[in-house]
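To start, the structure itself, in structure tokens.
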Amino acid sequence: MTPGPVPLPPEVREILSQAMIHHRTPEFERVLKSVSQKLKTTFLTEQTVFMHASTGSGAMESAIVNTLNPGDKILALVSGKFGERWRDMARRHGCSVTELGVPWGESVSLEQLEIEIKKTSFDAVFVQACETSTATVHPVRQIAELIRRTSSNTLLFVDAITAIGAMPLPMDEWDLDVVVSGSQKAFMLPTGLSFIALSERAWKKNASVVPTSMYFDLRGEKKALEKGETHFSSVVPFIRALDTVLDRLGGTNLSRAIERSQRLADVTRSAGEKLGFQIFSKAPSSSVTALVVPAHIDGVVLRDRLESEYNITVMGGQDQLKGKIIRIGHLGFITNDDMVGTFDCLTRAAIDLGGALNPTPEAMAQFVKDALAGSEEIKAI
Ligand SMILES: *Cc1c(COP(=O)(O)O)cnc(C)c1O
């Protein structure tokens, strides 16, 4: 029940166990073509969505090395661990980075952002659509509108790693320039494949960028894909499984996947509050929920207890939030029973740790069951 890696649907596990095929074969070429087409309907873009054999952070780095030169001016919104990571990557690339710090659990103030982007002509602005470490969303659509109104050449980089497939993020309609995502989140695959798409504006910038990376070279990927290949060896099993997963996440099914995450997030918030856990975030995400652990309970111990005694894995908080929050994910193959079991066991674990909690585990389980009644269950294909 973490915000990634997530549970895999049965059909993904089955595809991953199939015999390996070579990536330069007509059979794989067909799969790659199908995946490329479907990825566009998940990112909601006319642009090509490229894949790297890397974790999500690889796509974050690819975004930088493909569209920015050392010395370029960057505004990095930093509201948690992933914002820090992207800021640090840009610094390492030699960009001149201005940090716009946002208190953890809050989304950026558009007024403050406007002041910053009017002060300096930035080459790019970095934002997390969902800052997974705090389970908080930023208003990406409004940020994009603000940037387009204020400066025509500034690129908007969106880390959509826990956003695509779980909340609306239409790349073309919102005019986003660089969008990245990763396989172990809403894409319901193991860790190790990342995605990146560039807008026309970002491709134009790419033409003036001095390539510094051989591996994360999108010009190379573009050329390869025109020949029905990826630039380097393809992660065949993942891409084959992705072809099936995208039937759940692309086209008309995208909104169903998003609704499912939203529903699970709603239920998690109301169940958490019923149990006496407050919602940490002021702008809570539909992909992950951060619940504040009651003061008399240590969140680290609670998380351990939930895993060792009840076999349920949730995430804790990092840095200043360590021991203070637990994070429950709403991505992947999460059934209604998983939700019921999570709250049943969370209640039991909290009681084990001396929390005199009001609802009994049975009452919590019933509450979650009732809250999910009537919503569409996630099914194996
Ligand atoms: C998971 C995640 C990443 C990428 O992490 P990797 O471990 O490199 O896959 C980046 N940004 C956000 C917001 C994430 O949730």
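The values are calculated or read from the model by the stated rules, or taken from the named source; none is laboratory data. Because the structure is a prediction, the values reported are computed rather than measured. Here the Cβ positions follow ideal geometry from the backbone for every residue, glycine too, while neighbour counts run over all protein chains shown. The accessibility values were calculated without ligands, DNA or RNA, using every heavy atom of the protein model including side chains. Shrake-Rupley method; radii C 1.70, N 1.55, O 1.52, S 1.80 Å.
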key: segment 123-138 - phi-based ³J(HN,Hα) in whole Hz, Karplus 6.51/-1.76/1.60, Gly and Pro as x   = 6, 7, 10, 9, 8, 8, 5, 10, 7, 4, 5, 10, 6, 10, 9, 10
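Mean residue ellipticity at 222 nm from the helices of the chain, using -39,500 (n - 2.57) per DSSP H segment of n ≥ 4 over the full residue count, to the nearest 500 deg cm²/dmol? Can you show the working numbers first?
Details: 14 runs with 167 residues, N = 381.
Dividing the helical sum by the residues of the chain leaves -13500 deg cm²/dmol.
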ask   = How far apart, in nm, are the 7 Å Cα→Cβ label points at E46 and Q142?
value = 2.9 nm
ask   = Label points 7 Å out from Cα along the Cβ direction at K33 and S109: separation in nm?
value = 5.4 nm
inquiry  = Just to confirm the number: angle between the C-alpha axis of helix 110-119 and the first principal axis of the chain, 0 to 90 degrees, nearest 10?
reply    = 30 degrees
query = Got a sec to turn the phi values of segment 72-86 into Karplus ³J(HN,Hα) couplings, 6.51 cos²θ - 1.76 cosθ + 1.60 with θ = phi - 60°, whole Hz, x for Gly and Pro?
reply = 4, 8, 10, 10, 9, 7, 10, 10, x, 4, 6, x, 4, 4, 5
query = Points 7 angstrom from Cα along the Cβ direction at K282 and N153: gap in nanometres?
reply = 3.5 nm
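For the peptides 190-196, 64-70, 326-332, what is the packing order when you average, over each peptide's residues, the other Cβ atoms within 10 Å and list the highest mean first? Mind dumping the intermediate values first?
Details: 190-196: 22.3, 64-70: 20.6, 326-332: 27.0.
By packing density, highest mean first, the sequence is 326-332, 190-196, 64-70.
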inquiry  = Going by Cα centres, segment 65-90 and segment 306-381 are how many Å apart?
reply    = 35 Å
query = What are the residues whose amide H is under 5 Å from the amide H of V78, where those residues sit 5 or more places off or on another chain and H is modelled from the backbone?
reply = L100, G101, V102
request  = Would you mind checking which residues have amide H under 5 Å from I325's amide H? H placed 1.01 Å from N; only 5 or more apart, or other chain.
outcome  = V293, G317
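Ignoring ligands, DNA and RNA, what percent of the accessible area of segment 87-157 is carbon or sulfur (1.4 Å)? Can you show the working numbers first?
Working: 1250 of 2970 Å².
Carbon with sulfur: 42 percent of the solvent-accessible area.
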message = In whole Hz and in residue order, list the ³J(HN,Hα) couplings for segment 187-196 that follow from phi through the Karplus curve 6.51 cos²θ - 1.76 cosθ + 1.60, θ = phi - 60°; x for Gly and Pro.
response = 6, 6, 10, x, 5, x, 10, 10, 10, 8
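Apply the a/c threshold of 1.5 to the C-alpha gyration tensor of the chain and tell me whether it is rounded, prolate or oblate. Write out the running numbers ahead of the final one.
Working: a/c = 2.09, a/b = 1.32, b/c = 1.58.
In terms of gyration-tensor shape, oblate.
Under the 0.36 nm per residue contour assumption, what length would be gained going from the current alpha-carbon distance of D352 and R92 to full extension? Walk me through the numbers on the way to the answer.
On the way: separation 260, 0.36 × 260 = 93.60 nm, distance 4.62 nm.
Using 0.36 nm per residue and subtracting the Cα-Cα distance, I get 89.0 nm.
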